Amino acid sequence: MDFSSFNFSKELTEGLDSMGFEKATPIQEMAIPIIQQHKDLIGCAQTGTGKTAAFLLPVIDRIFRNHTGDINTIIIVPTRELALQIDQAMQGFAYFLNIHSIPIYGGRDGISWEQEKRALTEGADVVIATPGRFISHLNMGYVKVHNVQHLILDEADRMLDMGFYEDLMKIVKYLPEKRQTLMFSATMAPKIRELAQKILNNPERIDIAIAKPAAGVAQSAYLVYDTQKPELIKSILKSKDYQSVLVFTSRKISIRDIVKEIKKVTPDVMGISSDLEQDEREEVLRNFRNRKTRVLVATDVLSRGIDVENIELVVNYDVPGDAADYVHRVGRTARAETKGEAITFINQYDVEKFMDIEKLIENVINKIPLPAPMSSGPDYKITSEKPFKKKFGSGGGGKPHFKKSGNSNHPHRGRPKPQGK
Ligand code: AMP
(Lines give C-alpha, C1' and ligand atoms only; values in the text may rest on other atoms or scores of the structure.)
Protein backbone atom coordinates (compact mmCIF):
# COMPACT_ATOMS: atom_id res chain seq x y z
CA MET A 1 0.00 0.00 0.00
CA ASP A 2 1.45 3.38 -0.82
CA PHE A 3 0.95 6.43 1.35
CA SER A 4 -1.49 8.19 -0.97
CA SER A 5 -4.41 6.13 0.39
CA PHE A 6 -4.10 7.91 3.75
CA ASN A 7 -4.84 11.30 2.17
CA PHE A 8 -2.10 13.04 4.10
CA SER A 9 -1.55 16.71 3.39
CA LYS A 10 0.73 17.58 0.51
CA GLU A 11 3.39 18.95 2.84
CA LEU A 12 3.54 15.76 4.87
CA THR A 13 3.73 13.68 1.71
CA GLU A 14 6.71 15.78 0.65
CA GLY A 15 8.37 15.01 4.00
CA LEU A 16 7.78 11.30 3.41
CA ASP A 17 9.17 11.51 -0.11
CA SER A 18 12.30 13.24 1.07
CA MET A 19 12.81 10.48 3.64
CA GLY A 20 12.46 7.82 0.96
CA PHE A 21 9.25 6.30 2.35
CA GLU A 22 7.34 4.81 -0.55
CA LYS A 23 5.25 1.96 0.78
CA ALA A 24 3.58 1.67 4.17
CA THR A 25 4.76 -1.17 6.39
CA PRO A 26 2.09 -3.59 7.72
CA ILE A 27 1.75 -1.79 11.04
CA GLN A 28 1.38 1.53 9.26
CA GLU A 29 -1.24 0.04 6.98
CA MET A 30 -3.22 -1.19 9.98
CA ALA A 31 -2.67 1.55 12.54
CA ILE A 32 -2.95 4.74 10.49
CA PRO A 33 -6.63 4.34 9.47
CA ILE A 34 -7.59 3.49 13.07
CA ILE A 35 -5.76 6.56 14.38
CA GLN A 36 -7.35 8.68 11.68
CA GLN A 37 -10.77 7.57 12.96
CA HIS A 38 -9.90 9.00 16.39
CA LYS A 39 -10.02 5.57 18.03
CA ASP A 40 -7.83 4.43 20.89
CA LEU A 41 -5.34 1.80 19.88
CA ILE A 42 -3.19 -0.83 21.47
CA GLY A 43 -0.47 -2.07 19.13
CA CYS A 44 1.64 -5.10 19.78
CA ALA A 45 4.73 -4.45 17.72
CA GLN A 46 8.46 -4.42 18.06
CA THR A 47 10.95 -1.81 16.87
CA GLY A 48 11.98 -2.21 13.28
CA THR A 49 8.39 -2.59 12.08
CA GLY A 50 7.93 1.11 11.34
CA LYS A 51 5.73 1.78 14.35
CA THR A 52 7.17 5.24 14.99
CA ALA A 53 5.84 6.50 11.67
CA ALA A 54 2.61 4.56 12.26
CA PHE A 55 1.72 6.81 15.17
CA LEU A 56 3.55 10.00 14.20
CA LEU A 57 2.20 10.45 10.69
CA PRO A 58 -1.56 10.62 11.38
CA VAL A 59 -0.94 12.76 14.46
CA ILE A 60 1.34 15.21 12.65
CA ASP A 61 -1.13 15.42 9.79
CA ARG A 62 -3.94 16.26 12.20
CA ILE A 63 -1.89 18.92 13.98
CA PHE A 64 -1.00 20.51 10.66
CA ARG A 65 -4.63 20.72 9.59
CA ASN A 66 -5.73 22.27 12.85
CA HIS A 67 -2.78 24.06 14.35
CA THR A 68 -3.65 25.61 17.73
CA GLY A 69 -0.17 26.36 19.05
CA ASP A 70 -0.88 24.53 22.33
CA ILE A 71 0.72 21.25 23.32
CA ASN A 72 -1.19 18.75 21.21
CA THR A 73 0.53 15.41 21.74
CA ILE A 74 2.45 13.82 24.59
CA ILE A 75 4.60 10.82 23.77
CA ILE A 76 5.95 8.97 26.80
CA VAL A 77 8.95 6.70 26.28
CA PRO A 78 11.20 4.67 28.58
CA THR A 79 14.60 6.07 27.61
CA ARG A 80 16.32 9.27 26.56
CA GLU A 81 17.63 7.56 23.46
CA LEU A 82 14.14 6.66 22.29
CA ALA A 83 12.97 10.22 23.00
CA LEU A 84 15.76 11.59 20.82
CA GLN A 85 15.12 9.07 18.09
CA ILE A 86 11.41 9.87 17.89
CA ASP A 87 12.25 13.56 17.92
CA GLN A 88 14.56 13.05 14.96
CA ALA A 89 11.89 11.13 13.05
CA MET A 90 9.47 13.96 13.88
CA GLN A 91 11.82 16.53 12.44
CA GLY A 92 12.13 14.53 9.24
CA PHE A 93 8.40 14.09 8.71
CA ALA A 94 7.44 17.59 9.80
CA TYR A 95 10.16 19.35 7.84
CA PHE A 96 7.70 21.20 5.60
CA LEU A 97 4.99 21.62 8.22
CA ASN A 98 6.19 24.10 10.82
CA ILE A 99 5.30 21.76 13.66
CA HIS A 100 7.55 21.74 16.70
CA SER A 101 8.57 18.96 19.02
CA ILE A 102 10.70 18.85 22.13
CA PRO A 103 12.42 15.87 23.71
CA ILE A 104 12.32 15.98 27.51
CA TYR A 105 14.58 13.70 29.49
CA GLY A 106 16.59 13.74 32.68
CA GLY A 107 20.26 13.84 33.41
CA ARG A 108 20.95 17.20 31.85
CA ASP A 109 22.01 20.61 33.06
CA GLY A 110 20.01 23.62 34.17
CA ILE A 111 20.14 25.20 30.71
CA SER A 112 18.31 22.21 29.23
CA TRP A 113 15.73 22.43 32.01
CA GLU A 114 15.08 26.07 31.12
CA GLN A 115 14.79 25.21 27.42
CA GLU A 116 12.33 22.46 28.22
CA LYS A 117 10.36 24.77 30.47
CA ARG A 118 10.16 27.39 27.72
CA ALA A 119 8.95 24.84 25.17
CA LEU A 120 6.38 23.49 27.61
CA THR A 121 5.00 26.92 28.45
CA GLU A 122 5.14 28.43 24.99
CA GLY A 123 3.54 25.30 23.56
CA ALA A 124 5.63 22.86 21.56
CA ASP A 125 3.16 20.83 19.49
CA VAL A 126 4.59 17.46 20.37
CA VAL A 127 6.34 16.60 23.63
CA ILE A 128 8.41 13.42 23.72
CA ALA A 129 9.33 12.68 27.31
CA THR A 130 10.63 10.15 29.77
CA PRO A 131 8.20 9.80 32.69
CA GLY A 132 10.25 11.10 35.64
CA ARG A 133 11.46 14.29 34.01
CA PHE A 134 8.02 15.08 32.62
CA ILE A 135 6.44 14.69 36.04
CA SER A 136 9.03 17.09 37.48
CA HIS A 137 7.83 19.70 34.98
CA LEU A 138 4.15 18.87 35.52
CA ASN A 139 4.60 19.31 39.26
CA MET A 140 5.78 22.88 38.70
CA GLY A 141 2.36 23.74 37.33
CA TYR A 142 3.36 25.60 34.18
CA VAL A 143 2.87 22.86 31.58
CA LYS A 144 -0.09 23.73 29.39
CA VAL A 145 -1.78 20.37 29.07
CA HIS A 146 -5.42 21.52 28.88
CA ASN A 147 -5.57 21.09 25.11
CA VAL A 148 -3.72 17.79 24.74
CA GLN A 149 -5.45 15.64 22.14
CA HIS A 150 -3.18 12.61 21.99
CA LEU A 151 -1.31 10.57 24.55
CA ILE A 152 1.06 7.97 23.13
CA LEU A 153 2.90 5.41 25.23
CA ASP A 154 5.73 3.79 23.34
CA GLU A 155 7.52 0.66 24.57
CA ALA A 156 4.92 0.39 27.33
CA ASP A 157 6.16 -3.03 28.43
CA ARG A 158 9.64 -1.65 28.93
CA MET A 159 8.28 1.27 30.96
CA LEU A 160 6.51 -1.14 33.27
CA ASP A 161 9.67 -3.26 33.56
CA MET A 162 11.50 -0.10 34.59
CA GLY A 163 8.98 0.58 37.35
CA PHE A 164 7.20 3.53 35.74
CA TYR A 165 3.64 2.35 36.41
CA GLU A 166 2.90 4.91 39.12
CA ASP A 167 4.53 7.69 37.10
CA LEU A 168 2.39 6.85 34.08
CA MET A 169 -0.77 6.95 36.16
CA LYS A 170 0.28 10.33 37.57
CA ILE A 171 0.85 11.74 34.09
CA VAL A 172 -2.53 10.47 32.91
CA LYS A 173 -4.24 12.26 35.81
CA TYR A 174 -2.88 15.60 34.57
CA LEU A 175 -4.28 15.14 31.05
CA PRO A 176 -7.76 15.90 29.72
CA GLU A 177 -10.05 12.87 29.86
CA LYS A 178 -11.24 13.51 26.37
CA ARG A 179 -8.21 12.54 24.34
CA GLN A 180 -7.03 9.80 22.01
CA THR A 181 -4.65 7.32 23.63
CA LEU A 182 -2.33 5.02 21.72
CA MET A 183 -0.19 2.42 23.37
CA PHE A 184 2.57 0.33 21.82
CA SER A 185 4.22 -2.62 23.43
CA ALA A 186 6.37 -5.51 22.25
CA THR A 187 4.49 -7.96 24.46
CA MET A 188 0.96 -8.26 25.71
CA ALA A 189 1.75 -9.40 29.24
CA PRO A 190 -1.17 -9.28 31.71
CA LYS A 191 0.21 -6.10 33.32
CA ILE A 192 0.09 -4.38 29.94
CA ARG A 193 -3.52 -5.38 29.47
CA GLU A 194 -4.28 -4.06 32.92
CA LEU A 195 -2.63 -0.73 32.10
CA ALA A 196 -4.54 -0.59 28.82
CA GLN A 197 -7.81 -1.14 30.64
CA LYS A 198 -7.08 1.76 32.95
CA ILE A 199 -6.05 4.37 30.43
CA LEU A 200 -7.48 3.39 27.04
CA ASN A 201 -11.07 3.78 26.01
CA ASN A 202 -12.49 0.85 24.09
CA PRO A 203 -9.29 0.41 22.07
CA GLU A 204 -8.81 -1.32 18.75
CA ARG A 205 -6.05 -3.87 18.97
CA ILE A 206 -3.48 -4.74 16.35
CA ASP A 207 -0.83 -7.39 16.51
CA ILE A 208 2.12 -7.42 14.20
CA ALA A 209 3.04 -11.07 13.84
CA ILE A 210 4.31 -11.71 17.32
CA ALA A 211 7.96 -11.05 17.83
CA LYS A 212 9.91 -12.43 14.96
CA PRO A 213 13.15 -10.90 13.78
CA ALA A 214 13.06 -9.30 10.35
CA ALA A 215 13.38 -11.75 7.49
CA GLY A 216 16.75 -10.34 6.45
CA VAL A 217 18.59 -11.40 9.61
CA ALA A 218 20.77 -14.49 9.39
CA GLN A 219 20.57 -15.87 12.92
CA SER A 220 22.96 -18.37 14.42
CA ALA A 221 24.26 -19.37 17.83
CA TYR A 222 27.28 -20.93 19.51
CA LEU A 223 27.24 -23.18 22.54
CA VAL A 224 30.09 -21.76 24.51
CA TYR A 225 31.33 -21.67 28.10
CA ASP A 226 31.70 -18.21 29.58
CA THR A 227 35.46 -18.61 29.78
CA GLN A 228 35.55 -19.20 26.02
CA LYS A 229 33.51 -16.16 25.09
CA PRO A 230 36.43 -13.67 24.92
CA GLU A 231 38.23 -15.90 22.45
CA LEU A 232 35.09 -16.45 20.41
CA ILE A 233 34.21 -12.77 20.07
CA LYS A 234 37.76 -12.00 18.94
CA SER A 235 37.64 -14.82 16.42
CA ILE A 236 34.35 -13.55 14.98
CA LEU A 237 35.60 -9.99 14.70
CA LYS A 238 38.79 -11.13 13.00
CA SER A 239 36.91 -13.33 10.53
CA LYS A 240 35.46 -10.51 8.47
CA ASP A 241 36.02 -6.80 8.03
CA TYR A 242 32.88 -5.74 9.92
CA GLN A 243 32.28 -2.00 9.92
CA SER A 244 29.40 -1.89 12.36
CA VAL A 245 28.91 -4.41 15.15
CA LEU A 246 26.70 -4.16 18.22
CA VAL A 247 27.55 -6.48 21.12
CA PHE A 248 24.88 -6.89 23.79
CA THR A 249 25.35 -8.05 27.32
CA SER A 250 22.72 -8.22 30.05
CA ARG A 251 25.24 -7.22 32.66
CA LYS A 252 26.48 -3.68 32.86
CA ILE A 253 29.58 -4.75 34.76
CA SER A 254 30.68 -7.02 31.92
CA ILE A 255 30.96 -4.16 29.46
CA ARG A 256 34.41 -3.02 30.56
CA ASP A 257 35.86 -6.53 30.36
CA ILE A 258 34.34 -7.21 26.95
CA VAL A 259 35.63 -3.89 25.58
CA LYS A 260 39.09 -4.74 26.91
CA GLU A 261 39.09 -8.10 25.13
CA ILE A 262 37.85 -6.65 21.84
CA LYS A 263 40.54 -3.95 21.98
CA LYS A 264 43.03 -6.74 21.42
CA VAL A 265 41.71 -7.16 17.87
CA THR A 266 40.41 -3.70 17.02
CA PRO A 267 40.98 -0.29 18.59
CA ASP A 268 37.60 0.99 17.33
CA VAL A 269 35.49 -0.26 20.20
CA MET A 270 33.49 1.55 22.87
CA GLY A 271 31.11 0.58 25.64
CA ILE A 272 27.84 2.30 26.50
CA SER A 273 25.59 1.90 29.51
CA SER A 274 23.45 3.97 31.82
CA ASP A 275 26.60 4.67 33.86
CA LEU A 276 27.79 7.20 31.31
CA GLU A 277 26.73 10.81 31.51
CA GLN A 278 24.15 11.83 28.93
CA ASP A 279 26.69 13.83 26.90
CA GLU A 280 29.07 10.90 26.85
CA ARG A 281 26.34 8.51 25.74
CA GLU A 282 25.38 10.82 22.91
CA GLU A 283 28.98 11.11 21.80
CA VAL A 284 29.50 7.35 21.85
CA LEU A 285 26.35 6.87 19.77
CA ARG A 286 27.37 9.60 17.35
CA ASN A 287 30.74 7.94 16.82
CA PHE A 288 29.03 4.61 16.24
CA ARG A 289 26.64 6.14 13.71
CA ASN A 290 29.57 7.80 11.91
CA ARG A 291 31.50 4.52 11.94
CA LYS A 292 34.37 6.02 13.93
CA THR A 293 33.53 3.34 16.45
CA ARG A 294 33.06 0.04 14.68
CA VAL A 295 32.13 -2.08 17.66
CA LEU A 296 29.76 -0.91 20.35
CA VAL A 297 29.22 -2.94 23.51
CA ALA A 298 25.88 -2.16 25.14
CA THR A 299 23.28 -3.28 27.64
CA ASP A 300 19.63 -3.85 26.83
CA VAL A 301 18.67 -0.26 27.47
CA LEU A 302 19.97 0.33 23.98
CA SER A 303 18.30 -2.58 22.29
CA ARG A 304 15.10 -0.65 21.90
CA GLY A 305 14.76 2.52 20.05
CA ILE A 306 18.26 3.11 18.83
CA ASP A 307 18.02 3.80 15.18
CA VAL A 308 21.47 3.20 13.78
CA GLU A 309 21.48 2.36 10.12
CA ASN A 310 23.15 -0.65 8.60
CA ILE A 311 24.43 -2.53 11.60
CA GLU A 312 26.00 -5.59 10.02
CA LEU A 313 26.25 -7.82 13.02
CA VAL A 314 24.58 -8.11 16.40
CA VAL A 315 26.30 -10.36 18.93
CA ASN A 316 24.39 -11.47 22.00
CA TYR A 317 27.27 -12.02 24.37
CA ASP A 318 24.76 -13.72 26.59
CA VAL A 319 21.17 -14.86 26.13
CA PRO A 320 18.79 -12.07 27.10
CA GLY A 321 16.58 -12.81 30.10
CA ASP A 322 13.39 -11.93 28.32
CA ALA A 323 12.64 -13.62 24.99
CA ALA A 324 11.21 -10.36 23.61
CA ASP A 325 14.57 -8.69 24.31
CA TYR A 326 16.16 -11.14 21.91
CA VAL A 327 13.94 -9.82 19.17
CA HIS A 328 14.78 -6.26 20.14
CA ARG A 329 18.49 -6.90 20.18
CA VAL A 330 18.40 -8.72 16.87
CA GLY A 331 16.11 -6.02 15.50
CA ARG A 332 19.10 -3.66 15.52
CA THR A 333 20.35 -5.31 12.36
CA ALA A 334 18.62 -5.89 9.05
CA ARG A 335 16.26 -2.99 9.50
CA ALA A 336 13.90 -2.27 6.65
CA GLU A 337 15.24 -4.07 3.59
CA THR A 338 18.87 -4.60 4.50
CA LYS A 339 20.56 -7.86 5.46
CA GLY A 340 22.32 -8.53 8.70
CA GLU A 341 23.67 -11.19 11.01
CA ALA A 342 22.83 -12.02 14.59
CA ILE A 343 24.97 -14.39 16.62
CA THR A 344 24.11 -15.55 20.14
CA PHE A 345 26.47 -17.03 22.69
CA ILE A 346 24.68 -19.69 24.77
CA ASN A 347 26.35 -21.02 27.88
CA GLN A 348 25.21 -24.15 29.67
CA TYR A 349 22.87 -22.25 31.97
CA ASP A 350 21.15 -20.28 29.24
CA VAL A 351 20.03 -23.23 27.14
CA GLU A 352 16.52 -23.24 28.54
CA LYS A 353 16.16 -19.48 28.02
CA PHE A 354 17.29 -19.88 24.43
CA MET A 355 14.78 -22.65 23.87
CA ASP A 356 12.08 -20.21 25.04
CA ILE A 357 13.30 -17.72 22.47
CA GLU A 358 13.15 -20.32 19.71
CA LYS A 359 9.59 -21.05 20.78
CA LEU A 360 8.66 -17.38 20.70
CA ILE A 361 10.11 -16.76 17.27
CA GLU A 362 8.90 -20.15 16.04
CA ASN A 363 12.27 -20.94 14.59
CA VAL A 364 15.13 -23.25 15.47
CA ILE A 365 18.33 -21.23 15.26
CA ASN A 366 21.32 -22.90 13.68
CA LYS A 367 23.96 -23.82 16.29
CA ILE A 368 27.39 -23.65 14.76
CA PRO A 369 30.49 -25.40 16.11
CA LEU A 370 33.15 -23.27 17.74
CA PRO A 371 36.01 -22.31 15.46
CA ALA A 372 39.31 -24.17 15.69
CA PRO A 373 41.40 -24.33 17.77
CA MET A 374 38.73 -23.82 20.42
CA SER A 375 37.45 -26.86 22.29
CA SER A 376 33.77 -27.72 22.05
CA GLY A 377 31.29 -25.88 24.20
CA PRO A 378 28.42 -27.30 26.26
CA ASP A 379 25.65 -29.47 24.84
CA TYR A 380 22.30 -28.07 23.85
CA LYS A 381 20.43 -29.56 26.77
CA ILE A 382 18.93 -28.16 29.91
CA THR A 383 21.20 -28.33 32.93
CA SER A 384 20.14 -27.92 36.53
CA GLU A 385 23.70 -27.08 37.61
CA LYS A 386 24.00 -23.72 39.31
CA PRO A 387 26.80 -21.35 38.37
CA PHE A 388 29.17 -20.76 41.26
CA LYS A 389 31.29 -17.95 39.93
CA LYS A 390 30.31 -15.12 37.66
CA LYS A 391 32.70 -13.52 35.27
CA PHE A 392 31.77 -12.68 31.72
CA GLY A 393 28.22 -13.15 30.55
CA SER A 394 24.97 -13.76 32.33
CA GLY A 395 25.51 -17.28 33.45
CA GLY A 396 28.19 -18.82 35.55
CA GLY A 397 31.43 -19.62 33.94
CA GLY A 398 32.63 -21.76 36.78
CA LYS A 399 34.55 -24.68 35.48
CA PRO A 400 33.95 -25.38 31.87
CA HIS A 401 34.33 -29.02 30.97
CA PHE A 402 36.61 -28.75 28.00
CA LYS A 403 36.32 -31.66 25.67
CA LYS A 404 39.33 -32.31 23.53
CA SER A 405 37.41 -32.56 20.33
CA GLY A 406 38.74 -29.47 18.58
CA ASN A 407 36.63 -28.45 15.68
CA SER A 408 38.01 -27.28 12.42
CA ASN A 409 34.81 -25.93 10.88
CA HIS A 410 35.17 -22.24 10.38
CA PRO A 411 32.18 -20.56 12.01
CA HIS A 412 31.65 -17.96 9.35
CA ARG A 413 31.57 -20.34 6.48
CA GLY A 414 28.19 -21.68 5.57
CA ARG A 415 26.37 -19.26 7.86
CA PRO A 416 22.62 -19.84 7.48
CA LYS A 417 20.74 -17.84 4.92
CA PRO A 418 18.38 -15.10 6.15
CA GLN A 419 15.30 -16.75 7.54
CA GLY A 420 12.98 -15.29 5.00
CA LYS A 421 9.35 -16.10 4.86
P1 AMP B 1 10.75 1.85 13.74
O2 AMP B 1 10.15 0.49 13.86
O3 AMP B 1 9.72 2.92 13.89
O4 AMP B 1 11.92 2.02 14.69
O5 AMP B 1 11.32 2.02 12.26
C6 AMP B 1 12.38 1.24 11.76
C7 AMP B 1 13.11 1.88 10.60
O8 AMP B 1 12.35 1.73 9.40
C9 AMP B 1 13.38 3.36 10.75
O10 AMP B 1 14.70 3.60 10.28
C11 AMP B 1 12.39 4.03 9.83
O12 AMP B 1 12.87 5.25 9.33
C13 AMP B 1 12.22 2.99 8.74
N14 AMP B 1 10.87 3.00 8.15
C15 AMP B 1 9.69 3.02 8.81
N16 AMP B 1 8.65 2.99 7.95
C17 AMP B 1 9.17 2.96 6.71
C18 AMP B 1 8.60 2.94 5.38
N19 AMP B 1 7.28 2.93 5.20
N20 AMP B 1 9.45 2.94 4.34
C21 AMP B 1 10.79 2.94 4.54
N22 AMP B 1 11.40 2.95 5.75
C23 AMP B 1 10.61 2.96 6.83
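The values are calculated or read from the model by the stated rules, or taken from the named source; none is laboratory data. Computed from a prediction, not measured in an experiment: that's the story for all the values here. No Cβ is skipped: glycine too gets one built from the backbone with ideal geometry, and neighbour counts run over all protein chains shown. Surface accessibility is based on the protein's heavy atoms, side chains included, excluding ligands, DNA and RNA. Shrake-Rupley method; radii C 1.70, N 1.55, O 1.52, S 1.80 Å.
Summary of values
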| read-out | value |
| --- | --- |
| Computed log₁₀ I(q)/I(0) - Debye formula, equal Cα scatterers, no solvent, region 45-89, q 0.14, 0.16, 0.22, 0.25 Å⁻¹ | -0.38, -0.49, -0.87, -1.03 |
| The chain, relative contact order in percent, only Cα pairs under 8 angstrom and at least six apart counted | 17 percent |
| Relative contact order for region 217-368, counting Cα pairs under 8 Å that sit 6 or more residues apart, in percent | 35 percent |
| Length added when fully stretched, Lys178-Asn66, from 0.36 nm per residue minus Cα-Cα | 38.6 nm |
| Under the Debye formula (equal points on every Cα, no solvent term), log10 I(q)/I(0) of the chain at q = 0.07, 0.09, 0.10 Å⁻¹ | -0.35, -0.58, -0.71 |
| Contour excess over end-to-end distance, with Cα ends at Glu22 and Tyr142 and 0.36 nm allotted per residue | 39.1 nm |
| Computed label-point distance, nm, for sites Ala215 and Phe96 using a 7 Å Cα→Cβ extension | 3.1 nm |
| Residue range of the chain that is longest and free of GluC sites (Glu not before Pro) which are both DSSP loop and sparsely packed (at most 16 other C-beta within 10 Å) | 23-176 |
| Helix-only [θ]222 nm of the chain, DSSP H runs n ≥ 4, -39500 (n - 2.57) each, per residue, nearest 500 | -10500 deg cm²/dmol |
| Accessible area per residue, Å², region 217-368 with all protein chains present, probe 1.4 Å | 38 Å² |
| Net dipole in debye of the chain [+1 Lys, Arg Cβ; -1 Asp, Glu Cβ; about Cα centre; nearest 20] | 1480 debye |
| Accessible area of the chain belonging to carbon and sulfur atoms, whole % at 1.4 Å probe | 50 percent |
| FRET efficiency estimate (nearest 0.05) - Cβ-Cβ, Asn202 to Lys292, R0 60 angstrom | 0.75 |
| Reciprocal of mean inverse Cα separation for region 52-169 (Kirkwood radius, Å) | 14.3 Å |
| Gyration tensor verdict on region 246-291 (Cα atoms; rounded if a/c is under 1.5, prolate if a/b is larger than b/c, oblate otherwise) | oblate |
| Debye intensity ratio in log₁₀ form over the Cα atoms of region 3-208, taken at each q of 0.08 Å⁻¹ | -0.24 |
| Residue-by-residue Karplus 3J(HN,Hα) for region 74-90, coefficients 6.51, -1.76, 1.60, Hz, glycine and proline x | 10, 10, 9, 10, x, 10, 4, 4, 5, 4, 5, 5, 5, 4, 5, 4, 3 |
| Within the chain, longest stretch free of exposed chymotrypsin sites (Phe, Trp or Tyr not before Pro) [DSSP loop, at most 11 other beta carbons within 10 Å] | 143-387 |
| Rounded, prolate or oblate (a/c below 1.5 giving rounded, otherwise prolate when a/b exceeds b/c) for region 217-368 by Cα gyration tensor | rounded |
| Label-point separation, Asn310 to Ser274 (7 Å along Cα→Cβ), nm | 3.3 nm |
| Cα centre as origin, Lys/Arg/Asp/Glu Cβ charges: region 1-139 dipole, Debye | 280 debye |
| Simple spin-label estimate for Ile382 and Lys191 in nanometres, 7 Å along Cα-Cβ | 2.4 nm |
| Segment Ser9-Asn366, extension gain: residue separation times 0.36 nm, minus the distance between their alpha carbons | 123.8 nm |
